[in-house]
Amino acid sequence: MALRVWASSTANALRLSSKASLSPAFSLHRCFSSVLDGLKYAPSHEWVKHEGPVATVGITDHAQDHLGEVVFVDLPEPGGSVSKGGSFGAVESVKATSDINCPVSGEIVEVNTKLTETPGLVNSSPYEDGWMIKVKPSDPSELGSLMGPKEYTKFCEEEDAAH
Amino acid sequence: MKSARIIEVCRMGVVNYMDALKLQERLIAARKSSKIPDTLLSLQHPPTYTLGKRRTDHNLLVPESDLGKMGAELYYTQRGGDITFHGPHQAILYPIISLRDIGLGARKYVEKLELTMIELASLYGVRACPGKSGETGVWVGDRKIGAIGVRISNGITSHGLAFNLNPDLNYFKHIVPCGIEDKEVTSLKREADMELPTEEVIEDQLISCFVTQFGYSSITWKDKKSLLCGDDGDTR
């Protein structure tokens, strides 16, 4: 984990895109968006990292690339609940407001308040500093129906090829 | 190989903003459950100011109470973008389409909406171009001729674009249009050197530019009453 953060910061410092991940197993698809190992993915392009009692949620590199520069992130207050597939907030980019959906059900225990001042973190660090909410999953088995990195990479390729 | 893609288009005339919003909500739900194909609404609004999700009402330069005296309404919406004005003689398109089905993200979708308006302007010899970064919309030099504000929910779009044919530009004096100071608003009437045909003709051309830009292979024309009723309109 620490090593991956290091690589990401260095890449940013060198003005390289944060697309060089240390877990690049399935990261090179046509548009070079990165997909990380150890995360689960929803077809609406959100990722989930399940660590113990908490699941962290954000949007993927593919998602932020397709959105353009994020200028506003609308997030809920902690304490509310979310259902799998339900919307918990929105991001604004290029005059478009796009809903964000939660891949798991549960109680929102923490919200990334840095995104109010620095919405661009969603673009520059979608898997780390751009995390959005932390949820206490009410049904961890929901994670089983999400995609793994390889599946998600293929999903993105097929979606991009559709037009 | 692309399969044939159909769009249903409804020319609605002048529609109150709230009525159009309620219709879009119903269309979004129907599109999401695949009860209807991609749908496009072509319409105009009576004088209406709207704000986006960020609620940037500091860009309204007159008290809200004055708007009624001007014959205008104000709505807070969930779309992206800043404050804008809609009114008669401004052509509006509200596409209710599935971006996932055509593999487009927000950025590419908005670019294609810009290109739709740029193409229409070019039919009248007007050279328009997309805004610089952060200034989404369509410009003729430093003057804005077309605006965009979109909402995407579960991959389905709503709201859309507004292209100035010949609206009363004085209404724009009461706002900082799109939150961008010191830039003028203009219209096709002002920019074109040639005589313009009727608005119905130009609105149909705008529809045609949209259909081409987004690669639909056939259009089904729907009248207002048959929208969402499962009736077939005329197929061309």
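The values are calculated or read from the model by the stated rules, or taken from the named source; none is laboratory data. What you are looking at is a predicted structure, and each value in this text was computed from that prediction instead of being measured. Glycine gets a Cβ as well: all are built from the backbone with ideal geometry, and neighbour counts include every protein chain shown. The accessibility values were calculated without ligands, DNA or RNA, using every heavy atom of the protein model including side chains. Shrake-Rupley method; radii C 1.70, N 1.55, O 1.52, S 1.80 Å.
Annotation for B:Glu199 and B:Arg11: the two label points, set 7 Å from Cα along the Cα-Cβ direction, are 1.3 nm apart. Tell me, what % of the accessible area of the protein assembly as shown is carbon and sulfur with a 1.4 angstrom probe? It is 52 percent, rounded to a whole number.
Using only Cα atoms and rounding to the nearest 10 degrees, what angle (0 to 90) does helix B:17-32 make with the longest principal axis of chain B? For helix B:17-32, the angle is close to 30 degrees. Total buried accessible area between A and B, probe 1.4 Å, nearest 100: 2000 Å². Other residues lying with their Cβ under 12 Å from the Cβ of B:Phe210 contribute a combined charge of -4, Lys and Arg counting +1, Asp and Glu -1. Rolling a 1.4 Å probe across the protein heavy atoms gives chain B an accessible surface of 45 Å² per residue. Note on A:154-161: average number of Cβ atoms from other chains within 10 Å of each residue's Cβ is 2. Rounded to the nearest 10 degrees, the inclination of helix B:199-213 to the longest alpha-carbon principal axis of chain B is 60 degrees. Once the partner protein chains are put back, region A:80-102 shows a loss of at least 20 square angstrom of accessible area, versus the chain by itself, at A:Glu92, A:Val94, A:Lys95, A:Ala96, A:Thr97, A:Ser98, A:Asp99, A:Asn101 (probe 1.4 Å, ligands and nucleic acids excluded). Rounded to the nearest 0.05, the FRET efficiency derived from the C-beta distance between B:Ser133 and B:Tyr76 at R0 = 22 Å is 0.25.
Among the residues of B:146-158, the average count of other protein chain beta-carbon atoms within 10 Å of the residue beta-carbon is 4.
When the C-alpha to C-alpha distance is required to be over 32 Å, the pairs from B:Lys112/B:Lys224; B:Lys144/B:Lys225; B:Lys173/B:Lys222 that qualify are B:Lys144/B:Lys225; B:Lys173/B:Lys222. Considering only Cα atoms, the convex hull volume of region B:117-236 works out to 159 Å³ per residue. Treat the protein assembly as shown as a sphere of radius equal to its Kirkwood radius over Cα pairs and apply Stokes-Einstein at 25 °C in a medium of 0.890 mPa s; give the translational diffusion coefficient in µm²/s, rounded to a whole number. Rounded, D is 110 µm²/s.
Summary: within chain B, the longest segment free of GluC sites (Glu not before Pro) located in DSSP loops with at most 10 other C-beta atoms within 10 Å is B:1-180.
Between 0 and 90 degrees, the angle of helix B:106-122 with respect to the longest Cα principal axis of chain B falls at about 70 degrees.
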